[in-house]
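**Student:** Let me give you the structure first, and then I'll get to my questions.
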Amino acid sequence: MFYELIEHLYSVFTPFRVFGYLTFRSAFAALTTLLICFLFGGKIIEYLRRLKIGQSVRIDGPATHLQKSGTPTMGGIFIILSVIIAMLFWGNLQNKTVWITMGAFLAFGIIGFVDDYLKIKKKNSDGLKAWVKLAWQFAAAIAAVLVIYFTGGENITALYIPFFKDPVFDMGIWWIPFAVLLVVGESNAVNFSDGLDGLLAGLLIVVFLTLAVLTYITGRFDFASYLGIPYIPEAAELTVFCLAAAGACVGFLWFNAHPAEVFMGDVGSLSLGGVIAVVSLITKKELLILIIGGVFVLEIASVIIQVVSFKIRKKRVFKMAPLHHHYELMGWSETKTVVRFWILGGLFAIIALSTLKIQ
């Protein structure tokens, strides 16, 4: 909106041209979401508290978590709202990838909102029935993937593998189910990682900063050509979105740091997880995102292993799943677990970026 307005003022006042630079708009999008969260986060938390929108804690979890019951949840709402406001202000709304990304962001956010609402209404940790929740996630993922498939370039179905410059092979029509599973899987993996104060927000900051680097270089012909990665011009605009999301997560972390004043809820974790996968599809980083979000992969893998092991062997592999609860029950404090997972998340991000040169 502001971007389109400024474009018409270039000829009147040349210095206005700075507002059109991608790096400038991306930085100010991050600053915008950060300030919105800082300025209105406290008021939103107080409003949620008055509405008695509190978190229901699993009774089979670590005993130290029982005192968190009643803490305001659905804090992901002000992450979503701040990002949308920033994108309407600083984003190039003529770019189709912006609308695809924001559409998926909102779709998964709505699913999470309904799930959170039902948990609050029932006053327990059960929201939407598992199959209903998955069905809606698949519906949202299919819609996003089909739009990307039909509007993407000729290489949209090519599979790029880290450490290889050229695509390994063209998946053809099979790219669609692969992409749908990636979106649904990433959304749930991020959701499973939301269980400790500040854990998910910190990990998401690292992931979105990494994605911001990737979207920027993917959208620049000189950088993409030098690094031997696919050049996707429209993907550059997603740098604005990624930095806006990173700024929103920083602002949210201000209130979510231990002891948390608010929880993200499924409205935040599902929407952010889904949009991470969508960005990776648009930029042709489908497999690289599994490295960038390596902690998320470990978290959902621990849940799958635990369920399969218990069904087949009637034994648990972990003291509790997801993985962060396992380490808590081993004796790690909540803060130590969070910081060590943040460090691990940073290492995964470094490994992912290093693959750009090691190929």
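**Student:** Taking the conditions exactly as written (of a type in the set (K, R) and either touching a residue at least 24 places away in the same chain (Cβ under 8 Å) or in a helix (DSSP H, G or I) (or both)), does R316 satisfy them or not? Even if it seems obvious, please write down each step before you answer.
**Tutor:** Working: of a type in the set (K, R): yes; either touching a residue at least 24 places away in the same chain (Cβ under 8 Å) or in a helix (DSSP H, G or I) (or both): no.
So R316 fails the test.
**Student:** So the check is Cβ under 8 Å with 6+ separation or different chains; which pairs have a first residue in region 88-109 that's on the phi > 0 side of the Ramachandran plot and a second one that's open to solvent by less than 30 Å² (accessible area, probe 1.4 Å)?
**Tutor:** Between residues of region 88-109 that are on the phi > 0 side of the Ramachandran plot and residues that are open to solvent by less than 30 Å² (accessible area, probe 1.4 Å), there is no close pair.
**Student:** While we're here: When region 325-354 is examined, which residues are found to be among the polar types (S, T, N, Q) and buried (at least 18 other Cβ atoms within 10 Å of the Cβ)?
**Tutor:** Kept after step one, since they are among the polar types (S, T, N, Q), are these residues of region 325-354: 333, 335, 337, 354.
T337 - this is the single residue of region 325-354 that is among the polar types (S, T, N, Q) and buried (at least 18 other Cβ atoms within 10 Å of the Cβ).
**Student:** I want to confirm something. Restricting to region 150-184 and keeping residues that are within 21 Å of the chain's Cα centre (by Cα) and farther than 25 Å from A349 by Cα, which single residue is most open to solvent (accessible area, probe 1.4 Å)?
**Tutor:** Per the stated criteria, the residue is P177.
**Student:** Of the residues that sit in region 105-127 and are more than 21 Å from the chain's Cα centre (by Cα) and of a type in the set (A, V, I, L, M, F, W, C), which one is surrounded by the most Cβ atoms within 10 Å (Cβ to Cβ)?
**Tutor:** Looking at the filtered set, the residue picked out is I120.
**Student:** Applying the selection to region 89-104, what residues are out of contact with any Leu (no Cβ under 8 Å at 6 or more places or on another chain), part of a helix (DSSP H, G or I) and open to solvent by less than 30 Å² (accessible area, probe 1.4 Å)?
**Tutor:** Our first condition is that a residue be out of contact with any Leu (no Cβ under 8 Å at 6 or more places or on another chain); within region 89-104, this holds for 89-96, 100, 102-104.
Narrowing further to those that are part of a helix (DSSP H, G or I): 89-90, 96, 100, 102-104.
W90, I100, M102, A104, listed by residue number.
Table: residues versus (1) within 17 Å of the chain's Cα centre (by Cα); (2) crowded, with 21+ Cβ neighbours inside 10 Å.
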position: V190; (1), (2): yes, yes
position: L199; (1), (2): yes, yes
position: V213; (1), (2): yes, no
position: T218; (1), (2): no, yes
position: P230; (1), (2): no, no
position: L238; (1), (2): yes, yes
position: A248; (1), (2): yes, yes
position: V278; (1), (2): yes, yes
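**Student:** List every residue pair whose Cβ atoms sit under 8 Å apart, with the two residues 6 or more apart in sequence or on different chains, where the first one lies in region 242-256 and is at negative phi and the second, anywhere, is of a type in the set (D, E, K, R) and surrounded by fewer than 24 Cβ atoms within 10 Å (Cβ to Cβ).
**Tutor:** From region 242-256, the pairs are F255/E261; N256/D197.
**Student:** Would region 60-71 turn up any residue that is at pLDDT below 95, more than 15 Å from G274 (Cα to Cα) and crowded, with 24+ Cβ neighbours inside 10 Å? Even if it seems obvious, please write down each step before you answer.
**Tutor:** Keep residues of region 60-71 that are at pLDDT below 95, which gives 60-71.
Applying the additional criterion that residues be more than 15 Å from G274 (Cα to Cα) yields 60-71.
From what's left, crowded, with 24+ Cβ neighbours inside 10 Å: none.
No - not one qualifying residue is present in region 60-71.
**Student:** Okay, next question. What number of residues within region 158-183 are on the phi < 0 side of the Ramachandran plot and either in contact with a Gly (Cβ under 8 Å, 6 or more places away or on another chain) or outside any helix (DSSP H, G or I) (or both)?
**Tutor:** Of region 158-183, the ones on the phi < 0 side of the Ramachandran plot are 158-162, 164-171, 173-183.
Checking the rest, the ones that are also either in contact with a Gly (Cβ under 8 Å, 6 or more places away or on another chain) or outside any helix (DSSP H, G or I) (or both) come to 158-162, 164-171, 183.
Going through region 158-183 one residue at a time, the tally reaches 14.
The values are calculated or read from the model by the stated rules, or taken from the named source; none is laboratory data. As the structure is a prediction and not an experimental result, all values here were calculated from the model. Here the Cβ is made from the backbone with ideal geometry for all residues, glycine too, and neighbour counts use every protein chain on show. Just so you know, the surface numbers come from the protein's heavy atoms only, side chains and all, with ligands and any DNA or RNA stripped out. Shrake-Rupley method; radii C 1.70, N 1.55, O 1.52, S 1.80 Å.
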